[in-house]
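Q: Please see the structure below; I have some questions.
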Amino acid sequence: MDVGGCPLPEDRLYDLEQDVWWAPDPSGDGSARVGVLGTLAAFAGPIREVTFRPIEGRIARGRSVATIESTRFTGAVRLPVDALLLARNERLPDRPRLLNDAPYGDGWVVRVRPDRPDDPSKFLESAAAVASRLTEQVRTRRIRCWPQTPDLELFEIGIECSAVLTALNDELARQPPGVAVLLVTDDPTSPIEMVRWSDQTGYPVLAHRSEGNLHQFLVRKDPNPVPRRRRG
């Protein structure tokens, strides 16, 4: 399911108040994985740090199991039901961006077993049940979900497209491979020019979104770009 441009998987339950999801663990042993909503990760921007709380055993509903931090957000990950903590995602402290890049997959936070098997259905809601409220949240908080979380934003307003592309090329030259740049421009010819730019440089345009007279392009600096058209 897509909600305001953001994915909302239908194979799990949600707690919108805590911004977390709950999904049966693939092992089928009655445990479940808990993670943060993709909309929260998009709102936070690139996650810089994940810190697990030093707690073990049974944990009450609403208690924090971890803290996530970005340059503009700090918040707790709280359990949506009473549960026994079984495991932490040990990859997150070293790769906190998994919360951005794969919030509903490899970016899970903890694995738990509910104290009472019927609690998830009692306290949590389906994707269909939360969709309208999450859509409103996306609108009011101006959340933008992208295929890859932008590492930086480049605003080029009131400038012709040739100068915009020069600024983009200069910025990408300073960045390491893998970096995603969100370019924002009001040049009306930019949709056509960005296709040409991608063909000439080999760098992909991952997404294009228009809002009013503004165009937003998410581009990535690939390590081995293959141009599809000569420059000039």
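The values are calculated or read from the model by the stated rules, or taken from the named source; none is laboratory data. None of these values were measured; they are calculated from a predicted model. All Cβ positions, glycine included, derive from the backbone under ideal geometry; neighbour counts span all protein chains shown.
Q: Need pairs with beta-carbon distance below 6 Å; first residue touching a residue at least 24 places away in the same chain (Cβ under 8 Å) and closer than 15 Å to Gln216 by Cα and within segment 153-175, second surrounded by 11 or more Cβ atoms within 10 Å (Cβ to Cβ) and polar (S, T, N, Q); sequence gap 6+ or separate chains.
A: Glu156/Thr185; Cys161/Thr189; Cys161/Ser190; Val164/Thr185
Q: Also: Report, by residue number, each residue of segment 45-95 that is aliphatic (A, V, I, L, M), loosely packed, with under 14 Cβ neighbours inside 10 Å and without any contact (Cβ under 8 Å) to a residue 24 or more places away in the chain.
A: Ala60
Q: Among the residues of segment 193-216, write down those that are on the phi > 0 side of the Ramachandran plot and at pLDDT below 95.
A: Gly212 - this is the single residue of segment 193-216 that is on the phi > 0 side of the Ramachandran plot and at pLDDT below 95.
Q: Now a separate question. Taking the residues in segment 105-121 that are touching a Leu at 6+ places or on another chain (Cβ under 6 Å) and assigned to a loop (DSSP other than H, G, I, E, B) as candidates, determine which candidate is surrounded by the fewest Cβ atoms within 10 Å (Cβ to Cβ).
A: Residue satisfying both the conditions and the ranking: Asp106.
Q: Could you name every one of the strands (runs of 3 or more DSSP E) located completely within segment 1-64 that has at least 1 residues being in contact with a strand residue (DSSP E or B) (Cβ under 7 Å, 6 or more places away or on another chain) and either outside the structural domain of Ala131 (by TED's automatic domain parsing) or of a type in the set (Ser, Thr, Tyr) (or both)? Write out each step before concluding.
A: Details: elements: 13-15, 20-24, 32-36, 47-52.
By residue number, 13-15, 47-52.
Q: Evaluate segment 199-214: report whether one residue or more is part of a helix (DSSP H, G or I) and free of Cβ contacts under 8 Å to residues at least 24 places away in the same chain.
A: No, segment 199-214 has no match at all.
Q: Which pairs do you get when a residue that is touching a residue at least 60 places away in the same chain (Cβ under 8 Å), found in segment 131-150, comes within reach of a residue that is surrounded by fewer than 17 Cβ atoms within 10 Å (Cβ to Cβ) and of a type in the set (Ser, Thr, Tyr), reach meaning Cβ atoms under 8 angstrom, with the pair 6+ apart or on two chains?
A: Once the first residue is touching a residue at least 60 places away in the same chain (Cβ under 8 Å) and sits in segment 131-150, no partner that is surrounded by fewer than 17 Cβ atoms within 10 Å (Cβ to Cβ) and of a type in the set (Ser, Thr, Tyr) comes close enough.
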